[in-house]
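Remarks on the structure that follows.
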Amino acid sequence: MFRTATTSALASRFFISINHPRIAPLTIPLASLTNHAPIAVDGTNQHHQYNRSNHDEQQHRKKHTGPLRFIAASSFLSWFSKKSDDENTPESQLITIIKRSILSIQKEEYQKAEQMLHLALKMAQDLQSKDGITYIYDIMANLAMEVGDFAKAEKLFVNVMQRLFSDGFLEDHIKMLHISSKVAHLAQLQGHLDKAAQGFEWTLAKLEEKLKQIGDGNGKEIRELWGITKNWYAQLLMECKRFAEAKQAFLQAYEAYTEIHGKLTEEGLTILNNLSVACSNLEDYASAERFLKEAISLAAQIPDLSEAGVYKANLGLLYLQQGLLRQASEFCTFAWRYGTQHKHEETVIQANYCLEQIKAMKK
(Lines give C-alpha, C1' and ligand atoms only; values in the text may rest on other atoms or scores of the structure.)
Protein backbone atom coordinates (compact mmCIF):
# COMPACT_ATOMS: atom_id res chain seq x y z
CA MET A 1 0.00 0.00 0.00
CA PHE A 2 1.19 3.48 -0.82
CA ARG A 3 0.85 6.20 1.76
CA THR A 4 -0.61 9.38 0.31
CA ALA A 5 1.49 12.48 0.91
CA THR A 6 -0.46 15.40 2.27
CA THR A 7 0.19 18.96 1.21
CA SER A 8 1.16 19.94 4.74
CA ALA A 9 3.68 17.10 4.97
CA LEU A 10 5.59 18.40 1.98
CA ALA A 11 4.97 22.12 2.35
CA SER A 12 7.93 22.66 4.65
CA ARG A 13 10.37 21.60 1.95
CA PHE A 14 8.56 21.61 -1.36
CA PHE A 15 10.82 23.01 -4.05
CA ILE A 16 13.93 25.08 -3.77
CA SER A 17 12.84 28.64 -4.43
CA ILE A 18 16.09 29.93 -5.80
CA ASN A 19 17.06 33.48 -4.90
CA HIS A 20 19.58 33.60 -7.70
CA PRO A 21 22.43 35.91 -6.65
CA ARG A 22 22.82 37.14 -10.19
CA ILE A 23 19.22 37.95 -10.98
CA ALA A 24 19.15 41.13 -9.09
CA PRO A 25 22.25 42.84 -7.74
CA LEU A 26 24.13 41.56 -10.73
CA THR A 27 21.83 42.94 -13.38
CA ILE A 28 21.73 46.53 -12.23
CA PRO A 29 24.76 48.41 -13.63
CA LEU A 30 27.14 48.61 -10.72
CA ALA A 31 28.27 52.19 -10.96
CA SER A 32 25.42 53.76 -12.84
CA LEU A 33 26.39 57.37 -12.32
CA THR A 34 25.94 58.27 -15.98
CA ASN A 35 23.77 57.14 -18.85
CA HIS A 36 26.58 56.69 -21.35
CA ALA A 37 27.88 53.44 -22.76
CA PRO A 38 30.04 51.56 -20.28
CA ILE A 39 33.75 51.08 -20.66
CA ALA A 40 35.05 47.54 -20.32
CA VAL A 41 37.66 46.93 -17.68
CA ASP A 42 40.35 46.64 -20.33
CA GLY A 43 39.42 50.11 -21.55
CA THR A 44 37.74 49.16 -24.82
CA ASN A 45 34.30 50.58 -25.47
CA GLN A 46 31.61 47.94 -25.65
CA HIS A 47 28.06 47.26 -24.50
CA HIS A 48 27.95 44.21 -22.24
CA GLN A 49 25.36 41.65 -23.31
CA TYR A 50 24.42 38.49 -21.45
CA ASN A 51 24.34 36.10 -24.39
CA ARG A 52 27.25 37.36 -26.41
CA SER A 53 29.51 34.55 -27.63
CA ASN A 54 33.15 34.87 -26.60
CA HIS A 55 36.32 33.09 -27.62
CA ASP A 56 37.64 31.74 -24.35
CA GLU A 57 36.30 30.05 -21.22
CA GLN A 58 36.59 33.16 -19.08
CA GLN A 59 34.30 35.05 -21.43
CA HIS A 60 31.98 32.03 -21.58
CA ARG A 61 31.67 32.24 -17.81
CA LYS A 62 30.90 35.95 -17.97
CA LYS A 63 28.13 35.31 -20.48
CA HIS A 64 25.84 33.99 -17.79
CA THR A 65 26.99 35.84 -14.72
CA GLY A 66 25.84 39.40 -15.35
CA PRO A 67 27.34 42.83 -14.87
CA LEU A 68 28.51 42.59 -11.27
CA ARG A 69 30.96 39.86 -12.21
CA PHE A 70 31.84 41.75 -15.37
CA ILE A 71 31.52 45.06 -13.57
CA ALA A 72 31.60 47.61 -16.37
CA ALA A 73 33.09 50.92 -15.36
CA SER A 74 30.76 53.78 -16.14
CA SER A 75 31.70 56.83 -18.15
CA PHE A 76 33.05 58.32 -14.95
CA LEU A 77 36.28 56.66 -16.09
CA SER A 78 35.77 58.15 -19.53
CA TRP A 79 35.37 61.58 -17.91
CA PHE A 80 38.72 61.13 -16.20
CA SER A 81 40.32 60.00 -19.45
CA LYS A 82 39.31 63.26 -21.09
CA LYS A 83 41.26 65.11 -18.44
CA SER A 84 44.55 63.65 -19.49
CA ASP A 85 45.97 60.79 -21.53
CA ASP A 86 49.11 60.76 -19.37
CA GLU A 87 49.22 57.46 -17.50
CA ASN A 88 51.27 59.07 -14.74
CA THR A 89 48.62 61.58 -13.69
CA PRO A 90 46.84 61.02 -10.36
CA GLU A 91 43.55 60.64 -12.23
CA SER A 92 44.95 57.85 -14.42
CA GLN A 93 46.44 56.10 -11.40
CA LEU A 94 43.04 56.25 -9.72
CA ILE A 95 41.40 54.77 -12.81
CA THR A 96 43.92 51.92 -12.80
CA ILE A 97 43.23 51.08 -9.17
CA ILE A 98 39.47 51.14 -9.75
CA LYS A 99 39.86 48.82 -12.74
CA ARG A 100 41.99 46.43 -10.69
CA SER A 101 39.40 46.40 -7.93
CA ILE A 102 36.76 45.53 -10.51
CA LEU A 103 38.91 42.69 -11.85
CA SER A 104 39.37 41.42 -8.31
CA ILE A 105 35.60 41.34 -7.83
CA GLN A 106 35.23 39.46 -11.12
CA LYS A 107 37.67 36.89 -9.75
CA GLU A 108 35.80 36.83 -6.43
CA GLU A 109 38.87 38.15 -4.65
CA TYR A 110 36.69 40.28 -2.43
CA GLN A 111 39.17 41.16 0.30
CA LYS A 112 41.69 42.34 -2.25
CA ALA A 113 38.99 44.39 -3.98
CA GLU A 114 37.98 45.97 -0.67
CA GLN A 115 41.57 47.01 0.03
CA MET A 116 41.93 48.54 -3.43
CA LEU A 117 38.67 50.43 -3.11
CA HIS A 118 39.75 51.97 0.20
CA LEU A 119 42.97 53.06 -1.48
CA ALA A 120 41.00 54.46 -4.43
CA LEU A 121 38.69 56.30 -2.04
CA LYS A 122 41.65 57.95 -0.31
CA MET A 123 43.06 59.00 -3.70
CA ALA A 124 39.68 60.39 -4.83
CA GLN A 125 39.40 62.34 -1.58
CA ASP A 126 42.91 63.75 -2.04
CA LEU A 127 41.94 64.75 -5.59
CA GLN A 128 38.73 66.30 -4.23
CA SER A 129 36.84 64.38 -6.90
CA LYS A 130 33.23 64.47 -5.76
CA ASP A 131 32.03 62.25 -8.61
CA GLY A 132 34.89 59.84 -8.03
CA ILE A 133 34.08 59.47 -4.34
CA THR A 134 30.41 58.80 -5.11
CA TYR A 135 31.36 56.24 -7.75
CA ILE A 136 33.66 54.37 -5.38
CA TYR A 137 31.06 54.33 -2.60
CA ASP A 138 28.64 52.82 -5.11
CA ILE A 139 31.09 50.03 -5.95
CA MET A 140 31.72 49.45 -2.24
CA ALA A 141 27.98 49.18 -1.62
CA ASN A 142 27.51 46.63 -4.38
CA LEU A 143 30.52 44.67 -3.14
CA ALA A 144 29.07 44.57 0.38
CA MET A 145 25.77 43.39 -1.09
CA GLU A 146 27.58 40.69 -3.07
CA VAL A 147 29.39 39.28 -0.02
CA GLY A 148 26.28 39.37 2.17
CA ASP A 149 27.11 42.31 4.43
CA PHE A 150 23.64 43.76 3.98
CA ALA A 151 23.72 46.35 6.78
CA LYS A 152 26.95 47.80 5.43
CA ALA A 153 25.61 47.77 1.88
CA GLU A 154 22.46 49.62 2.94
CA LYS A 155 24.48 52.26 4.79
CA LEU A 156 26.73 52.81 1.77
CA PHE A 157 23.80 53.02 -0.66
CA VAL A 158 22.11 55.60 1.55
CA ASN A 159 25.39 57.55 1.50
CA VAL A 160 25.46 57.40 -2.31
CA MET A 161 21.83 58.54 -2.46
CA GLN A 162 22.52 61.48 -0.16
CA ARG A 163 25.50 62.51 -2.30
CA LEU A 164 23.37 62.35 -5.44
CA PHE A 165 20.67 64.43 -3.72
CA SER A 166 23.29 67.05 -2.90
CA ASP A 167 24.31 67.09 -6.57
CA GLY A 168 20.76 67.99 -7.57
CA PHE A 169 19.36 64.59 -8.53
CA LEU A 170 15.60 64.27 -7.90
CA GLU A 171 14.18 61.31 -5.99
CA ASP A 172 12.62 59.85 -9.14
CA HIS A 173 15.79 60.05 -11.25
CA ILE A 174 16.68 56.64 -12.69
CA LYS A 175 19.93 56.57 -10.69
CA MET A 176 18.02 57.20 -7.48
CA LEU A 177 15.47 54.53 -8.38
CA HIS A 178 18.25 51.98 -8.93
CA ILE A 179 19.42 52.60 -5.39
CA SER A 180 15.95 52.73 -3.82
CA SER A 181 15.20 49.32 -5.34
CA LYS A 182 18.40 47.89 -3.88
CA VAL A 183 17.74 49.43 -0.47
CA ALA A 184 14.29 47.83 -0.44
CA HIS A 185 15.83 44.48 -1.35
CA LEU A 186 18.41 44.86 1.41
CA ALA A 187 15.60 45.54 3.88
CA GLN A 188 13.95 42.31 2.74
CA LEU A 189 17.18 40.35 3.13
CA GLN A 190 17.49 41.66 6.69
CA GLY A 191 13.92 40.63 7.52
CA HIS A 192 12.40 44.13 7.52
CA LEU A 193 9.48 43.08 5.34
CA ASP A 194 7.19 46.08 5.88
CA LYS A 195 10.01 48.49 5.08
CA ALA A 196 10.92 46.43 2.02
CA ALA A 197 7.32 46.38 0.77
CA GLN A 198 7.01 50.14 1.10
CA GLY A 199 10.29 50.62 -0.76
CA PHE A 200 9.39 48.27 -3.60
CA GLU A 201 5.90 49.69 -4.05
CA TRP A 202 7.18 53.28 -4.09
CA THR A 203 9.95 52.41 -6.57
CA LEU A 204 7.62 50.47 -8.85
CA ALA A 205 5.10 53.32 -8.86
CA LYS A 206 7.79 55.82 -9.88
CA LEU A 207 9.11 53.48 -12.58
CA GLU A 208 5.61 52.92 -13.96
CA GLU A 209 5.11 56.68 -14.18
CA LYS A 210 8.31 56.91 -16.20
CA LEU A 211 7.31 54.00 -18.44
CA LYS A 212 4.13 55.88 -19.33
CA GLN A 213 6.20 58.89 -20.35
CA ILE A 214 8.99 56.82 -22.00
CA GLY A 215 10.13 59.82 -24.04
CA ASP A 216 13.34 60.44 -22.16
CA GLY A 217 15.45 57.88 -24.02
CA ASN A 218 15.83 55.60 -21.00
CA GLY A 219 12.99 53.22 -21.87
CA LYS A 220 15.09 50.04 -21.92
CA GLU A 221 16.89 50.84 -18.68
CA ILE A 222 13.64 51.74 -16.93
CA ARG A 223 11.95 48.57 -18.22
CA GLU A 224 14.85 46.43 -17.01
CA LEU A 225 14.92 48.04 -13.58
CA TRP A 226 11.14 47.63 -13.33
CA GLY A 227 11.53 43.91 -14.09
CA ILE A 228 14.33 43.47 -11.58
CA THR A 229 12.32 45.24 -8.91
CA LYS A 230 9.24 43.16 -9.75
CA ASN A 231 11.30 40.00 -9.28
CA TRP A 232 12.56 41.13 -5.89
CA TYR A 233 9.05 42.18 -4.92
CA ALA A 234 7.74 38.77 -5.97
CA GLN A 235 10.27 37.12 -3.65
CA LEU A 236 8.99 39.32 -0.83
CA LEU A 237 5.39 38.37 -1.64
CA MET A 238 6.39 34.70 -1.44
CA GLU A 239 7.80 35.30 2.04
CA CYS A 240 4.51 36.90 3.01
CA LYS A 241 2.61 33.91 1.53
CA ARG A 242 0.81 36.16 -0.95
CA PHE A 243 1.24 33.54 -3.65
CA ALA A 244 -1.26 34.78 -6.23
CA GLU A 245 0.32 38.22 -6.24
CA ALA A 246 3.79 36.66 -6.33
CA LYS A 247 2.85 34.58 -9.38
CA GLN A 248 1.70 37.68 -11.25
CA ALA A 249 4.83 39.62 -10.27
CA PHE A 250 7.11 36.75 -11.37
CA LEU A 251 5.29 36.58 -14.71
CA GLN A 252 5.81 40.30 -15.24
CA ALA A 253 9.45 40.08 -14.20
CA TYR A 254 10.08 37.17 -16.57
CA GLU A 255 8.47 38.98 -19.49
CA ALA A 256 10.53 42.10 -18.86
CA TYR A 257 13.78 40.20 -18.35
CA THR A 258 13.50 37.95 -21.40
CA GLU A 259 12.34 40.86 -23.54
CA ILE A 260 15.76 42.44 -22.98
CA HIS A 261 18.11 39.48 -22.47
CA GLY A 262 16.40 36.56 -24.19
CA LYS A 263 15.44 33.24 -22.65
CA LEU A 264 18.80 31.47 -22.54
CA THR A 265 20.12 32.91 -19.28
CA GLU A 266 20.47 31.46 -15.80
CA GLU A 267 18.64 34.48 -14.43
CA GLY A 268 15.60 33.92 -16.60
CA LEU A 269 15.47 30.24 -15.64
CA THR A 270 15.62 31.21 -11.98
CA ILE A 271 12.48 33.30 -12.41
CA LEU A 272 10.75 30.38 -14.17
CA ASN A 273 11.69 28.07 -11.30
CA ASN A 274 10.37 30.50 -8.71
CA LEU A 275 7.24 31.02 -10.77
CA SER A 276 6.63 27.28 -10.56
CA VAL A 277 7.07 27.47 -6.78
CA ALA A 278 4.37 30.14 -6.59
CA CYS A 279 2.04 27.99 -8.71
CA SER A 280 2.66 24.92 -6.56
CA ASN A 281 1.73 26.88 -3.46
CA LEU A 282 -1.51 27.81 -5.21
CA GLU A 283 -1.99 24.08 -6.01
CA ASP A 284 -1.93 24.99 -9.69
CA TYR A 285 0.14 21.93 -10.50
CA ALA A 286 -0.39 22.05 -14.25
CA SER A 287 1.14 25.52 -14.48
CA ALA A 288 3.92 24.60 -12.06
CA GLU A 289 4.81 21.60 -14.25
CA ARG A 290 4.66 23.67 -17.42
CA PHE A 291 7.05 26.33 -16.09
CA LEU A 292 9.48 23.74 -14.72
CA LYS A 293 9.51 21.79 -17.98
CA GLU A 294 10.19 24.99 -19.87
CA ALA A 295 13.09 25.75 -17.49
CA ILE A 296 14.49 22.23 -17.96
CA SER A 297 14.22 22.49 -21.75
CA LEU A 298 16.00 25.85 -21.81
CA ALA A 299 18.61 24.71 -19.27
CA ALA A 300 19.62 21.90 -21.64
CA GLN A 301 20.80 24.59 -24.07
CA ILE A 302 23.11 26.24 -21.52
CA PRO A 303 26.31 24.19 -21.03
CA ASP A 304 27.34 23.21 -17.48
CA LEU A 305 24.40 24.91 -15.80
CA SER A 306 24.66 23.87 -12.15
CA GLU A 307 21.01 24.62 -11.35
CA ALA A 308 19.75 22.23 -14.05
CA GLY A 309 19.64 19.42 -11.50
CA VAL A 310 17.61 21.55 -9.10
CA TYR A 311 14.91 21.99 -11.73
CA LYS A 312 14.77 18.20 -12.23
CA ALA A 313 14.55 17.61 -8.48
CA ASN A 314 11.82 20.22 -8.18
CA LEU A 315 9.85 18.53 -10.92
CA GLY A 316 10.25 15.23 -9.08
CA LEU A 317 8.91 16.83 -5.92
CA LEU A 318 6.00 18.26 -7.86
CA TYR A 319 5.09 14.76 -9.04
CA LEU A 320 5.61 13.46 -5.50
CA GLN A 321 3.15 15.98 -4.11
CA GLN A 322 0.56 14.65 -6.56
CA GLY A 323 1.30 11.04 -5.61
CA LEU A 324 2.94 10.23 -8.96
CA LEU A 325 5.74 8.14 -7.49
CA ARG A 326 7.15 6.64 -10.69
CA GLN A 327 7.67 10.05 -12.32
CA ALA A 328 8.95 11.48 -9.05
CA SER A 329 11.51 8.69 -8.70
CA GLU A 330 12.66 9.12 -12.30
CA PHE A 331 13.36 12.84 -12.01
CA CYS A 332 14.78 12.79 -8.49
CA THR A 333 17.15 9.92 -9.34
CA PHE A 334 18.36 11.82 -12.37
CA ALA A 335 18.79 14.96 -10.24
CA TRP A 336 20.81 13.03 -7.64
CA ARG A 337 23.16 11.67 -10.31
CA TYR A 338 23.48 15.09 -11.92
CA GLY A 339 24.18 16.82 -8.62
CA THR A 340 26.75 14.19 -7.62
CA GLN A 341 28.49 14.38 -10.99
CA HIS A 342 28.62 18.19 -10.95
CA LYS A 343 29.26 18.46 -7.19
CA HIS A 344 26.22 20.69 -6.77
CA GLU A 345 25.24 20.38 -3.12
CA GLU A 346 21.76 21.91 -3.32
CA THR A 347 20.75 19.49 -6.08
CA VAL A 348 21.97 16.49 -4.08
CA ILE A 349 20.19 17.67 -0.91
CA GLN A 350 16.94 18.27 -2.77
CA ALA A 351 17.14 14.95 -4.63
CA ASN A 352 17.93 13.02 -1.44
CA TYR A 353 14.93 14.58 0.27
CA CYS A 354 12.70 13.60 -2.63
CA LEU A 355 13.98 10.00 -2.69
CA GLU A 356 13.57 9.67 1.07
CA GLN A 357 9.96 10.83 0.80
CA ILE A 358 9.30 8.30 -1.93
CA LYS A 359 10.66 5.49 0.26
CA ALA A 360 8.51 6.66 3.18
CA MET A 361 5.38 6.72 1.02
CA LYS A 362 5.95 3.14 -0.17
CA LYS A 363 5.93 1.74 3.37
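The values are calculated or read from the model by the stated rules, or taken from the named source; none is laboratory data. This one's a predicted model, so the numbers in the text were calculated from it and none came from an experiment. Every residue, glycine as well, gets a Cβ built from its backbone with ideal geometry; the counts of neighbours run over all protein chains shown. Heavy atoms of the whole protein, side chains included, go into the accessibility calculation; ligands, DNA and RNA do not. Shrake-Rupley method; radii C 1.70, N 1.55, O 1.52, S 1.80 Å.
Just name the residue that is nearest to the chain's Cα centre (by Cα) out of those in region 121-169 that are outside any helix (DSSP H, G or I) and surrounded by fewer than 19 Cβ atoms within 10 Å (Cβ to Cβ).
So the residue we want is G148.
K263 is checked against (1) in a helix (DSSP H, G or I); (2) touching a residue at least 12 places away in the same chain (Cβ under 8 Å) and fails just one. What number does that condition carry?
Unmet for K263, out of (1) in a helix (DSSP H, G or I); (2) touching a residue at least 12 places away in the same chain (Cβ under 8 Å): (1).
Looking only at region 340-350, count every residue that is within 18 Å of A300 (Cβ to Cβ) and either part of a helix (DSSP H, G or I) or of a type in the set (V, I, T) (or both) and tell me the total.
Adding up the residues that qualify gives 3.
Residue by residue, here is whether (1) open to solvent by 10 Å² or more (accessible area, probe 1.4 Å); (2) closer than 18 Å to K263 by Cα holds:
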{"position": "L292", "(1), (2)": "no, yes"}
{"position": "E307", "(1), (2)": "yes, yes"}
{"position": "L317", "(1), (2)": "no, no"}
{"position": "A351", "(1), (2)": "no, no"}
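What number of residues in region 96-120 are in contact with a helix residue (DSSP H, G or I) (Cβ under 9 Å, 6 or more places away or on another chain), open to solvent by 20 Å² or more (accessible area, probe 1.4 Å) and assigned to a helix (DSSP H, G or I)?
12
Being in contact with an Asp or Glu (Cβ under 7 Å, 6 or more places away or on another chain), closer than 27 Å to L236 by Cβ and either outside any helix (DSSP H, G or I) or hydrophobic (A, V, I, L, M, F, W, C) (or both) narrows it down to one residue among L275, L317, L305; which is it?
Going through L275, L317, L305 in turn, the sole match is L305.
Exactly one of (1) open to solvent by 10 Å² or more (accessible area, probe 1.4 Å); (2) part of a helix (DSSP H, G or I); (3) at pLDDT below 90 is unmet by R337. Its number?
Just one mismatch for R337, condition (3).
Restricting attention to region 250-259, does a residue exist that is open to solvent by 20 Å² or more (accessible area, probe 1.4 Å), under 21 Å from L164 (Cβ atoms), of a type in the set (S, T, N, Q) and at pLDDT 95 or above?
no
May I ask you to verify whether D167 is more than 30 Å from K107 (Cα to Cα) and touching a Lys or Arg at 6+ places or on another chain (Cβ under 9 Å)?
Judged against the criteria, D167 is a match.
Does L117 satisfy the criteria of being on the phi < 0 side of the Ramachandran plot and at pLDDT 95 or above?
Spelling it out, L117 is indeed on the phi < 0 side of the Ramachandran plot and at pLDDT 95 or above.
Since L186 meets every condition but one in (1) crowded, with 22+ Cβ neighbours inside 10 Å; (2) at pLDDT below 95; (3) among the aliphatic types (A, V, I, L, M), which condition does it not meet?
Every listed condition holds for L186 apart from (2).
Consider L207 carefully, then state whether it is part of a helix (DSSP H, G or I) and open to solvent by less than 30 Å² (accessible area, probe 1.4 Å).
Considered against the rule, which asks whether it is part of a helix (DSSP H, G or I) and open to solvent by less than 30 Å² (accessible area, probe 1.4 Å), L207 comes out as yes.
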